[in-house]
Amino acid sequence: MERKVPKNKKDKSVTGIMITRARKAHGLTQEMVADILKIKRSTYAYYERNIDPTYEVISQLSTLFNTPVHVLLYGYQDPLEHVGLNDNQTDMWGGEKFGHLTPDERTILTNLRMLPLNLRQKIIREIEDLKEKNEGN
């Protein structure tokens with residue numbers, strides 16, 4: 001997963017806010033969570049404050065807090081809720097931009113959103129390659 005630092009160092013990332021809330025809701029201290037993850041408390045505190053943890057850590061936290069990964073990452077129950085893919089948006093020519101997604105499209109997009117950035121980019125490149133190959137036939 002891409003590590004990101006909020007623009008203002010005093011601001012928490014969405015992930016930082018969500019893991020802080022989940023930890024407190026479970027009555028755990030930073031030290032307790034760090035011990036479970038087998039990392040230093042200062043490292044865990046840094047995740048809550050400044051830098052998003054790796055996907056592996058998010059996955060462990062998801063299991064620990066019994067919370068879906070996408071909720072910890074984005075703060076939404078539905079991973080597509082905040083990107084407007086359920087809306088009948090229009091493109092600059094007035095045509096439907098997304099329309100209604102099929103169940104297959106929804107599954108693909110939901111799973112894509114939960115992957116670390118490097119894997120999402122790899123999949124997008126592969127889709128573009130397949131599209132080019134298909135256009136050549």
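The values are calculated or read from the model by the stated rules, or taken from the named source; none is laboratory data. Note that this is a predicted model, so its numbers are computed, not measured. As a convention, Cβ positions derive from the backbone with ideal geometry for all residues, glycine included, and neighbour counts pool all protein chains shown.
Would you please name the residue that is surrounded by the fewest Cβ atoms within 10 Å (Cβ to Cβ), looking only at residues in region 78-105 that are modelled with pLDDT under 75 and among the charged types (D, E, K, R)?
Across region 78-105, the extreme among qualifying residues is ASP91.
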- prompt: When the residues of region 10-68 are filtered to those that are more than 20 Å from the chain's Cα centre (by Cα) and in a loop (DSSP other than H, G, I, E, B), which remaining residue is modelled with the lowest pLDDT?
  reply: LYS10
